[in-house]
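A short write-up of the structure that comes next.
Please treat every number below as a calculation from the coordinates, not as lab data. None of these values were measured; they are calculated from a predicted model. Note: ideal-geometry Cβ built from the backbone for every residue, glycine included; neighbour counts use all protein chains shown.
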Amino acid sequence: NAGVTQTPKFRVLKTGQSMTLLCAQDMNHEYMYWYRQDPGMGLRLIHYSVGEGTTAKGEVPDGYNVSRLKKQNFLLGLESAAPSQTSVYFCASRPADRAGNQPQHFGDGTRLSIL
Amino acid sequence: GIQVEQSPPDLILQEGANSTLRCNFSDSVNNLQWFHQNPWGQLINLFYIPSGTKQNGRLSATTVATERYSLLYISSSQTTDSGVYFCAVGPGGSYIPTFGRGTSLIVHP
């Protein structure tokens, strides 16, 4: 019973490099989210998706792109990594419910350092 | 957007003590969760509680939606309770929960 799985768990990049973080969920959830967490802060939403083929911007979308080609996967891309993107990234998923009455389920996070 | 304030920001306890964590929010919600982020960084669901009271072992939570706050009670605290506790709320019809900044709890043996 995997739930939400994030890959990789840790990564170190050099400034200007690109990479993709993968989030996979096996619960058939419609909604998926990418957050970043910085020291002393709560989680801030980067992008989210309410279904396969759809994406939308969250609170801090600049410097990131996302894709949801398959329902179970939500990819977060950094085209040209910057030190300000050093953070812990969390993915979450949630069943569809237009009233918002469903809890989120989180992955274990990806710790990303940009040198 | 909705504002979420958690208090206290930091809490230090001796093992065995009880504590109450508070989450205030600025608008009506129909989605509220409490999470524990353990020292390894994992986010653990504690309660999904948009209203009412729930209990799970030594932890319980109460949300008074009409007064826009939720409380998380930890009784007989243990060192494994250490970490950061977050509440996340969502107004009606919203796909997007808003997180508070958390309460950092340290429980000493």
_Cα Rg, Dmax, the protein assembly as shown, angstrom units_ = 17.4, 50
*Furthest towards positive pole of dipole, B:Gln14, B:Phe47, B:Thr80, structure part the range B:1-84, Cβ charges*: B:Phe47
*Just tell me which aspartates and glutamates come within less than 18 Å, Cα to Cα, of A:Lys57; anything on the same chain fewer than 8 places away is out.*
A:Glu30, A:Glu79
*Within the set of other residues whose C-beta is less than 13 Å from the C-beta of A:Arg36, count the net charge using Lys and Arg as +1 and Asp and Glu as -1.*
-1
*Computed FRET value (nearest 0.05) for A:Ser18 with B:Tyr48, which takes r as the C-beta separation and R₀ as 45 Å*: 0.75
*For chain A, what is one quarter of the convex hull surface built on the Cα atoms, given in nm²?*
6.9 nm²
_A:Asn28-B:Thr20 pseudo-label distance in nm [points 7 Å out on the Cα-to-Cβ vector]_ = 4.3 nm
*Roughly how many whole Å is it from the C-alpha centroid of the range A:45-115 to that of the range B:22-64?*
22 Å
*Leaving out same-chain residues fewer than 8 places away, which lysines sit with a Cα under 18 Å from that of A:Lys9?*
none
*For chain B, alpha-carbon Rg and Dmax in angstrom*: 13.3, 44
